[in-house]
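The structure under discussion appears below in the form of C-alpha coordinates.
The values are calculated or read from the model by the stated rules, or taken from the named source; none is laboratory data. Small disclaimer: the values here were computed from a predicted structure and weren't measured. Heads up, the Cβs are rebuilt from the backbone with ideal geometry, glycines too, and the neighbour counts pull from every protein chain shown. Side chains included, ligands, DNA and RNA excluded: accessible areas come from the protein's heavy atoms. Shrake-Rupley method; radii C 1.70, N 1.55, O 1.52, S 1.80 Å.
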Amino acid sequence: MRILNEAQVTELLPMRACIELMASALAALSRGDAQVPLRSVMRLPRGHDVLAVMPAHTGDPEVLGAKIITVFPDNQSRGLDAHQGAVLLFHPRDGRLLALLDASAVTAIRTAAVSGLATRLLARPDAGTLALLGSGVQARTHLEAMAAVRQLRTVRVWSRTAAHAAAFAEWARAALGLEVMTCASAEEAVRGADIVCTVTSSREPVLEGAWLEPGTHVNAVGASQPDARELDSDAVARARLFADRRESLTHESADYQVPLREGRLRPDETVPELGEVVLGTVPGRRDADEITLFKSLGLAIEDLVAAQHVLERAEREDVGTVVPMLGTATSGAG
Ligand code: NDP
(Lines give C-alpha, C1' and ligand atoms only; values in the text may rest on other atoms or scores of the structure.)
Protein backbone atom coordinates (compact mmCIF):
# COMPACT_ATOMS: atom_id res chain seq x y z
CA MET A 1 0.00 0.00 0.00
CA ARG A 2 1.25 3.48 -0.93
CA ILE A 3 0.68 6.38 1.47
CA LEU A 4 0.54 9.91 0.07
CA ASN A 5 0.44 12.97 2.29
CA GLU A 6 -1.08 16.40 1.70
CA ALA A 7 1.98 17.93 -0.01
CA GLN A 8 2.44 14.90 -2.28
CA VAL A 9 -1.23 14.84 -3.32
CA THR A 10 -1.16 18.59 -4.02
CA GLU A 11 1.97 18.23 -6.14
CA LEU A 12 0.55 15.33 -8.17
CA LEU A 13 -2.93 16.81 -8.73
CA PRO A 14 -2.65 20.11 -10.63
CA MET A 15 -5.93 22.01 -11.01
CA ARG A 16 -6.14 21.94 -14.80
CA ALA A 17 -5.58 18.18 -14.95
CA CYS A 18 -8.12 17.67 -12.18
CA ILE A 19 -10.78 19.62 -14.12
CA GLU A 20 -10.38 17.17 -17.02
CA LEU A 21 -10.55 14.20 -14.62
CA MET A 22 -13.78 15.57 -13.13
CA ALA A 23 -15.30 15.91 -16.61
CA SER A 24 -14.71 12.23 -17.31
CA ALA A 25 -15.84 11.14 -13.82
CA LEU A 26 -19.13 13.04 -14.00
CA ALA A 27 -19.74 11.88 -17.56
CA ALA A 28 -19.25 8.27 -16.41
CA LEU A 29 -21.73 8.85 -13.58
CA SER A 30 -24.39 10.32 -15.89
CA ARG A 31 -23.84 7.44 -18.38
CA GLY A 32 -24.65 5.00 -15.58
CA ASP A 33 -21.10 3.65 -15.47
CA ALA A 34 -20.56 4.14 -11.73
CA GLN A 35 -22.01 3.08 -8.40
CA VAL A 36 -22.10 5.88 -5.85
CA PRO A 37 -24.31 5.17 -2.81
CA LEU A 38 -25.49 8.20 -0.88
CA ARG A 39 -22.91 9.01 1.77
CA SER A 40 -23.44 7.83 5.30
CA VAL A 41 -23.10 10.79 7.66
CA MET A 42 -22.75 10.30 11.42
CA ARG A 43 -23.35 13.46 13.45
CA LEU A 44 -21.27 13.87 16.58
CA PRO A 45 -22.84 15.13 19.81
CA ARG A 46 -20.89 18.42 19.75
CA GLY A 47 -21.78 21.27 17.41
CA HIS A 48 -21.99 20.42 13.73
CA ASP A 49 -19.08 17.98 13.57
CA VAL A 50 -19.63 14.90 11.38
CA LEU A 51 -17.91 11.76 10.13
CA ALA A 52 -18.91 10.66 6.62
CA VAL A 53 -18.24 7.43 4.72
CA MET A 54 -18.32 7.76 0.93
CA PRO A 55 -17.78 4.59 -1.16
CA ALA A 56 -17.83 4.31 -4.96
CA HIS A 57 -16.94 2.08 -7.91
CA THR A 58 -16.48 3.08 -11.54
CA GLY A 59 -16.45 0.84 -14.58
CA ASP A 60 -14.06 2.28 -17.15
CA PRO A 61 -11.35 2.72 -15.97
CA GLU A 62 -12.25 0.51 -13.03
CA VAL A 63 -11.68 2.21 -9.67
CA LEU A 64 -12.88 0.98 -6.28
CA GLY A 65 -12.60 2.76 -2.97
CA ALA A 66 -14.00 5.10 -0.37
CA LYS A 67 -13.35 8.42 1.28
CA ILE A 68 -13.72 8.51 5.04
CA ILE A 69 -13.77 12.07 6.21
CA THR A 70 -14.52 14.18 9.25
CA VAL A 71 -15.83 17.72 8.92
CA PHE A 72 -15.09 19.88 11.96
CA PRO A 73 -16.20 23.38 10.87
CA ASP A 74 -14.35 25.09 13.75
CA ASN A 75 -10.99 23.60 12.78
CA GLN A 76 -9.84 26.88 11.24
CA SER A 77 -9.30 28.27 14.77
CA ARG A 78 -7.05 25.23 15.47
CA GLY A 79 -4.99 25.87 12.34
CA LEU A 80 -6.41 22.72 10.76
CA ASP A 81 -8.38 22.04 7.59
CA ALA A 82 -12.06 21.50 8.45
CA HIS A 83 -11.94 18.32 6.34
CA GLN A 84 -9.67 15.53 7.66
CA GLY A 85 -9.39 11.93 6.60
CA ALA A 86 -8.31 9.47 3.95
CA VAL A 87 -9.17 8.31 0.49
CA LEU A 88 -8.66 4.54 0.26
CA LEU A 89 -8.18 2.82 -3.10
CA PHE A 90 -8.69 -0.95 -3.41
CA HIS A 91 -7.73 -3.31 -6.25
CA PRO A 92 -10.97 -3.78 -8.21
CA ARG A 93 -10.24 -7.48 -8.93
CA ASP A 94 -8.90 -8.88 -5.66
CA GLY A 95 -9.83 -6.18 -3.14
CA ARG A 96 -6.29 -5.45 -1.94
CA LEU A 97 -5.80 -2.07 -0.31
CA LEU A 98 -3.59 -0.17 -2.77
CA ALA A 99 -3.34 3.35 -1.43
CA LEU A 100 -4.19 5.78 1.34
CA LEU A 101 -4.22 9.46 0.38
CA ASP A 102 -4.64 12.57 2.47
CA ALA A 103 -8.31 13.53 1.99
CA SER A 104 -7.91 17.21 2.87
CA ALA A 105 -5.89 17.83 -0.29
CA VAL A 106 -8.04 15.63 -2.53
CA THR A 107 -11.22 17.35 -1.25
CA ALA A 108 -9.80 20.86 -1.59
CA ILE A 109 -8.68 20.32 -5.18
CA ARG A 110 -11.39 18.07 -6.62
CA THR A 111 -14.26 20.24 -5.29
CA ALA A 112 -12.85 23.37 -6.92
CA ALA A 113 -12.08 21.42 -10.08
CA VAL A 114 -15.74 20.40 -10.35
CA SER A 115 -16.75 24.06 -9.94
CA GLY A 116 -14.14 24.91 -12.58
CA LEU A 117 -15.79 22.42 -14.92
CA ALA A 118 -19.24 23.87 -14.16
CA THR A 119 -17.93 27.37 -14.85
CA ARG A 120 -16.31 26.31 -18.10
CA LEU A 121 -19.60 24.72 -19.23
CA LEU A 122 -22.06 27.31 -17.89
CA ALA A 123 -20.52 30.77 -17.38
CA ARG A 124 -20.54 33.29 -20.23
CA PRO A 125 -17.33 32.99 -22.26
CA ASP A 126 -16.48 36.63 -21.41
CA ALA A 127 -17.23 36.26 -17.65
CA GLY A 128 -14.37 38.12 -15.96
CA THR A 129 -15.63 39.43 -12.61
CA LEU A 130 -15.50 36.88 -9.82
CA ALA A 131 -17.07 37.18 -6.34
CA LEU A 132 -16.01 34.75 -3.63
CA LEU A 133 -18.14 34.51 -0.48
CA GLY A 134 -15.87 32.87 2.08
CA SER A 135 -12.08 32.92 2.37
CA GLY A 136 -11.12 29.46 3.66
CA VAL A 137 -9.64 26.36 2.03
CA GLN A 138 -12.24 26.14 -0.72
CA ALA A 139 -11.96 29.86 -1.53
CA ARG A 140 -8.27 29.36 -2.30
CA THR A 141 -8.71 26.39 -4.61
CA HIS A 142 -11.78 27.99 -6.19
CA LEU A 143 -9.81 31.09 -7.10
CA GLU A 144 -7.25 28.86 -8.78
CA ALA A 145 -9.98 26.88 -10.60
CA MET A 146 -11.85 29.99 -11.79
CA ALA A 147 -8.59 31.50 -13.09
CA ALA A 148 -7.97 28.24 -14.98
CA VAL A 149 -11.21 28.44 -16.97
CA ARG A 150 -11.91 32.17 -17.42
CA GLN A 151 -9.84 35.29 -17.98
CA LEU A 152 -10.43 37.04 -14.64
CA ARG A 153 -10.34 40.86 -14.72
CA THR A 154 -11.68 41.59 -11.22
CA VAL A 155 -11.80 39.35 -8.14
CA ARG A 156 -13.71 40.33 -5.00
CA VAL A 157 -13.89 38.49 -1.71
CA TRP A 158 -16.21 38.86 1.24
CA SER A 159 -15.73 36.89 4.44
CA ARG A 160 -17.57 36.95 7.78
CA THR A 161 -14.28 37.86 9.51
CA ALA A 162 -12.80 40.88 7.72
CA ALA A 163 -9.24 39.97 8.72
CA HIS A 164 -9.64 36.60 6.99
CA ALA A 165 -10.68 38.32 3.75
CA ALA A 166 -7.58 40.54 3.98
CA ALA A 167 -5.33 37.51 4.63
CA PHE A 168 -6.91 35.79 1.63
CA ALA A 169 -6.13 38.77 -0.61
CA GLU A 170 -2.53 38.72 0.58
CA TRP A 171 -2.27 35.01 -0.11
CA ALA A 172 -3.76 35.44 -3.62
CA ARG A 173 -1.19 38.10 -4.48
CA ALA A 174 1.73 36.03 -3.17
CA ALA A 175 0.66 32.58 -4.36
CA LEU A 176 -1.19 33.27 -7.61
CA GLY A 177 -0.16 36.82 -8.54
CA LEU A 178 -3.83 37.89 -8.51
CA GLU A 179 -5.19 41.14 -7.07
CA VAL A 180 -8.26 40.58 -4.89
CA MET A 181 -10.52 43.38 -3.60
CA THR A 182 -11.95 42.84 -0.13
CA CYS A 183 -15.61 43.81 0.35
CA ALA A 184 -17.46 44.91 3.46
CA SER A 185 -20.59 42.91 2.60
CA ALA A 186 -21.60 39.90 0.54
CA GLU A 187 -23.89 42.17 -1.47
CA GLU A 188 -21.03 44.49 -2.37
CA ALA A 189 -18.98 41.52 -3.61
CA VAL A 190 -21.82 39.99 -5.62
CA ARG A 191 -23.44 43.03 -7.31
CA GLY A 192 -22.23 43.11 -10.93
CA ALA A 193 -20.23 39.85 -10.69
CA ASP A 194 -20.26 37.42 -13.63
CA ILE A 195 -19.27 34.41 -11.51
CA VAL A 196 -20.16 33.91 -7.83
CA CYS A 197 -18.74 31.10 -5.67
CA THR A 198 -20.33 30.52 -2.27
CA VAL A 199 -17.71 28.66 -0.22
CA THR A 200 -18.75 29.23 3.39
CA SER A 201 -19.67 27.00 6.33
CA SER A 202 -22.73 29.17 6.95
CA ARG A 203 -25.96 27.37 7.81
CA GLU A 204 -28.09 30.39 6.79
CA PRO A 205 -28.22 32.01 3.33
CA VAL A 206 -25.29 34.30 2.51
CA LEU A 207 -26.38 34.92 -1.11
CA GLU A 208 -29.61 36.70 -2.07
CA GLY A 209 -31.06 36.21 -5.53
CA ALA A 210 -31.96 39.91 -5.74
CA TRP A 211 -28.24 40.75 -5.99
CA LEU A 212 -27.65 38.61 -9.12
CA GLU A 213 -27.44 40.23 -12.56
CA PRO A 214 -28.80 38.44 -15.65
CA GLY A 215 -26.11 36.20 -17.12
CA THR A 216 -24.37 35.39 -13.83
CA HIS A 217 -23.08 31.91 -13.09
CA VAL A 218 -23.13 30.70 -9.45
CA ASN A 219 -21.20 27.79 -7.95
CA ALA A 220 -22.85 26.93 -4.61
CA VAL A 221 -20.39 24.75 -2.72
CA GLY A 222 -20.96 25.02 1.06
CA ALA A 223 -24.15 23.71 2.70
CA SER A 224 -23.66 20.12 1.60
CA GLN A 225 -26.02 18.82 4.29
CA PRO A 226 -29.82 18.96 4.43
CA ASP A 227 -29.91 21.30 7.46
CA ALA A 228 -27.80 24.14 6.04
CA ARG A 229 -28.39 26.71 3.29
CA GLU A 230 -26.15 29.25 1.59
CA LEU A 231 -28.70 30.54 -0.93
CA ASP A 232 -32.03 32.24 -0.37
CA SER A 233 -35.00 30.88 -2.31
CA ASP A 234 -34.88 33.75 -4.83
CA ALA A 235 -31.36 32.81 -5.86
CA VAL A 236 -32.45 29.26 -6.66
CA ALA A 237 -35.80 30.19 -8.22
CA ARG A 238 -34.24 32.81 -10.53
CA ALA A 239 -31.62 30.41 -11.87
CA ARG A 240 -31.43 27.42 -14.16
CA LEU A 241 -30.19 24.79 -11.71
CA PHE A 242 -27.59 22.06 -12.35
CA ALA A 243 -26.39 19.35 -9.94
CA ASP A 244 -23.39 17.06 -9.66
CA ARG A 245 -26.00 14.32 -9.15
CA ARG A 246 -29.80 14.56 -8.94
CA GLU A 247 -30.05 11.91 -6.18
CA SER A 248 -27.64 13.85 -3.98
CA LEU A 249 -29.43 17.12 -4.67
CA THR A 250 -32.84 15.80 -3.68
CA HIS A 251 -31.56 14.01 -0.54
CA GLU A 252 -28.77 16.24 0.73
CA SER A 253 -29.45 19.85 -0.19
CA ALA A 254 -31.58 22.31 1.78
CA ASP A 255 -30.68 24.88 -0.88
CA TYR A 256 -32.90 22.77 -3.16
CA GLN A 257 -35.40 21.31 -0.69
CA VAL A 258 -36.50 24.59 0.92
CA PRO A 259 -37.50 26.47 -2.27
CA LEU A 260 -39.12 23.25 -3.50
CA ARG A 261 -41.26 23.05 -0.34
CA GLU A 262 -42.11 26.73 -0.71
CA GLY A 263 -43.45 26.07 -4.23
CA ARG A 264 -40.68 28.18 -5.81
CA LEU A 265 -39.42 25.22 -7.90
CA ARG A 266 -41.43 22.80 -10.04
CA PRO A 267 -41.27 19.28 -8.56
CA ASP A 268 -41.72 17.71 -12.03
CA GLU A 269 -38.76 19.58 -13.51
CA THR A 270 -35.71 17.35 -13.97
CA VAL A 271 -32.58 19.08 -12.73
CA PRO A 272 -29.76 18.39 -15.21
CA GLU A 273 -26.48 16.86 -14.07
CA LEU A 274 -23.14 18.37 -15.01
CA GLY A 275 -22.17 15.02 -16.58
CA GLU A 276 -25.12 15.30 -18.96
CA VAL A 277 -23.80 18.67 -20.14
CA VAL A 278 -20.35 17.08 -20.63
CA LEU A 279 -21.97 14.27 -22.64
CA GLY A 280 -23.95 16.80 -24.71
CA THR A 281 -27.33 15.30 -23.83
CA VAL A 282 -28.40 18.50 -22.03
CA PRO A 283 -27.51 22.00 -23.23
CA GLY A 284 -25.35 24.21 -21.02
CA ARG A 285 -25.96 27.97 -21.02
CA ARG A 286 -28.72 28.80 -23.54
CA ASP A 287 -28.34 32.57 -23.77
CA ALA A 288 -26.31 35.45 -22.37
CA ASP A 289 -29.00 36.47 -19.84
CA GLU A 290 -29.68 33.11 -18.20
CA ILE A 291 -28.59 32.85 -14.56
CA THR A 292 -26.98 29.42 -14.15
CA LEU A 293 -26.50 27.77 -10.76
CA PHE A 294 -24.37 24.72 -10.07
CA LYS A 295 -25.18 23.11 -6.71
CA SER A 296 -22.20 21.03 -5.62
CA LEU A 297 -22.76 18.30 -3.02
CA GLY A 298 -19.52 16.40 -3.53
CA LEU A 299 -19.33 12.78 -4.67
CA ALA A 300 -17.02 9.88 -3.82
CA ILE A 301 -16.44 9.22 -7.52
CA GLU A 302 -14.73 12.62 -7.73
CA ASP A 303 -12.38 11.65 -4.90
CA LEU A 304 -11.61 8.23 -6.33
CA VAL A 305 -10.93 9.34 -9.89
CA ALA A 306 -8.65 12.09 -8.58
CA ALA A 307 -6.94 9.64 -6.19
CA GLN A 308 -6.42 7.04 -8.94
CA HIS A 309 -4.68 9.68 -11.07
CA VAL A 310 -2.46 10.64 -8.12
CA LEU A 311 -1.62 6.99 -7.41
CA GLU A 312 -0.65 6.29 -11.03
CA ARG A 313 1.66 9.32 -11.07
CA ALA A 314 3.09 8.42 -7.65
CA GLU A 315 3.91 4.88 -8.86
CA ARG A 316 5.58 6.23 -12.02
CA GLU A 317 7.54 8.90 -10.15
CA ASP A 318 8.16 6.83 -7.01
CA VAL A 319 6.51 9.30 -4.64
CA GLY A 320 5.08 8.39 -1.22
CA THR A 321 5.73 5.68 1.34
CA VAL A 322 5.12 2.03 0.51
CA VAL A 323 4.01 -0.16 3.41
CA PRO A 324 3.75 -3.93 2.86
CA MET A 325 0.18 -4.93 3.66
CA LEU A 326 -1.42 -8.07 2.32
CA GLY A 327 -4.20 -10.21 3.66
CA THR A 328 -2.93 -13.62 2.47
CA ALA A 329 -4.94 -16.84 2.56
CA THR A 330 -2.81 -18.02 5.47
CA SER A 331 -3.00 -14.88 7.62
CA GLY A 332 -6.08 -16.13 9.39
CA ALA A 333 -9.45 -14.50 9.88
CA GLY A 334 -11.88 -13.60 12.57
P1 NDP B 1 -13.10 26.63 5.91
O2 NDP B 1 -13.33 26.30 7.34
O3 NDP B 1 -11.71 26.63 5.40
O4 NDP B 1 -13.73 28.06 5.60
C5 NDP B 1 -15.04 28.33 6.01
C6 NDP B 1 -15.46 29.70 5.53
O7 NDP B 1 -16.83 29.87 5.88
C8 NDP B 1 -14.68 30.84 6.15
O9 NDP B 1 -14.41 31.78 5.16
C10 NDP B 1 -15.64 31.42 7.18
O11 NDP B 1 -15.53 32.81 7.31
C12 NDP B 1 -16.99 31.11 6.53
N13 NDP B 1 -18.07 31.01 7.51
C14 NDP B 1 -18.17 30.16 8.56
N15 NDP B 1 -19.33 30.34 9.20
C16 NDP B 1 -19.97 31.35 8.56
C17 NDP B 1 -21.21 32.00 8.76
N18 NDP B 1 -22.03 31.65 9.75
N19 NDP B 1 -21.57 32.96 7.88
C20 NDP B 1 -20.75 33.31 6.87
N21 NDP B 1 -19.56 32.74 6.63
C22 NDP B 1 -19.17 31.76 7.47
O23 NDP B 1 -14.01 25.61 5.08
P24 NDP B 1 -13.81 25.08 3.59
O25 NDP B 1 -13.36 26.19 2.74
O26 NDP B 1 -13.05 23.83 3.61
O27 NDP B 1 -15.32 24.66 3.21
C28 NDP B 1 -16.27 25.67 2.90
C29 NDP B 1 -17.63 25.00 2.74
O30 NDP B 1 -17.61 24.11 1.62
C31 NDP B 1 -18.06 24.16 3.94
O32 NDP B 1 -19.44 24.28 4.13
C33 NDP B 1 -17.73 22.75 3.48
O34 NDP B 1 -18.47 21.76 4.16
C35 NDP B 1 -18.11 22.84 2.02
N36 NDP B 1 -17.50 21.83 1.19
C37 NDP B 1 -18.23 21.32 0.17
C38 NDP B 1 -17.71 20.35 -0.65
C39 NDP B 1 -18.50 19.87 -1.81
O40 NDP B 1 -18.07 18.91 -2.44
N41 NDP B 1 -19.59 20.48 -2.17
C42 NDP B 1 -16.38 19.78 -0.39
C43 NDP B 1 -15.65 20.45 0.65
C44 NDP B 1 -16.21 21.44 1.41
P45 NDP B 1 -14.50 33.54 8.31
O46 NDP B 1 -13.27 32.70 8.35
O47 NDP B 1 -14.26 34.85 7.64
O48 NDP B 1 -15.17 33.66 9.63
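Bridge orientation summary for the chain: considering DSSP beta bridges with both residues in this region, about 50 percent are antiparallel. Carbon and sulfur atoms: what percent of the 1.4 Å accessible area of segment 144-218 do they account for? Of the solvent-accessible surface of segment 144-218, carbon and sulfur hold 48 percent.
Using a Gaussian network model of the chain whose springs link C-alpha atoms within less than 10 Å, name the residue from S296, S30, S185 with the highest mean-square fluctuation. Of S296, S30, S185, the Gaussian network model singles out S185 as fluctuating most. Against the chain, whose longest principal axis is taken from its Cα atoms, helix 103-122 shows a tilt of about 50°. Look at the Cα gyration tensor of segment 170-280: its axes a ≥ b ≥ c give a/c of at least 1.5 with a/b over b/c, and that counts as prolate.
Taking the Kirkwood radius as the inverse of the mean 1/r across Cα pairs, report the Rg/Rh of segment 229-316. Across segment 229-316, the Cα-based Rg/Rh ratio is 1.07.
Based on Cα contacts under 8 Å between residues 6+ apart, segment 146-292 shows a relative contact order of 19 percent.
Note that the chain presents 44 Å² accessible area per residue, ligands and nucleic acids not counted, probe 1.4 Å.
For segment 85-215, the Cβ-based charge dipole about the Cα centre amounts to some 340 debye (Lys, Arg positive; Asp, Glu negative; other atoms uncharged). Among R120, R156, R96, the largest mean-square fluctuation in a Gaussian network model of the chain (Cα springs under 10 Å) belongs to R96. About its Cα centre, the chain has a charge dipole of approximately 160 debye under the convention of +1 per Lys or Arg Cβ and -1 per Asp or Glu Cβ, with nothing else charged. Pairs of Cα atoms nearer than 8 Å and 6+ residues apart set the relative contact order; for the chain it is 21 percent. Rounded to the nearest 20 debye, the dipole magnitude of segment 189-264 is 160 debye, with +1 charges on Lys and Arg beta carbons, -1 on Asp and Glu beta carbons, and the Cα centre as origin. For helix 15-31, report the angle its Cα long axis makes with the longest principal axis of the Cα atoms of the chain; keep it between 0 and 90° and round to the nearest 10°. Result, in degrees: 80. Note on segment 1-109: with neighbouring protein chains present and a 1.4 Å probe, carbon and sulfur make up 56 percent of its accessible heavy-atom surface. Any idea which of C197, F242, Q308 is furthest toward the positive side of the dipole for the chain, if Lys and Arg beta-carbons carry +1 and Asp and Glu beta-carbons -1? The listed residue farthest towards the positive side: Q308. Computed extension gain for L279 through S40, at 0.36 nm per residue and net of the alpha carbon distance, reaches 83.2 nm.
For L326 and I68, the FRET efficiency from 1/(1 + (r/R0)^6), where r spans their Cβ atoms and R0 equals 22 Å, is about 0.55. Structure remark: mean-square fluctuation, Gaussian network model of the chain, C-alpha springs under 10 Å; the largest value among M22, M146, M42 belongs to M42. Seen through its C-alpha gyration tensor, with square-root eigenvalues sorted a ≥ b ≥ c, segment 1-157 comes out oblate because a/c lies at 1.5 or above while a/b is not bigger than b/c.
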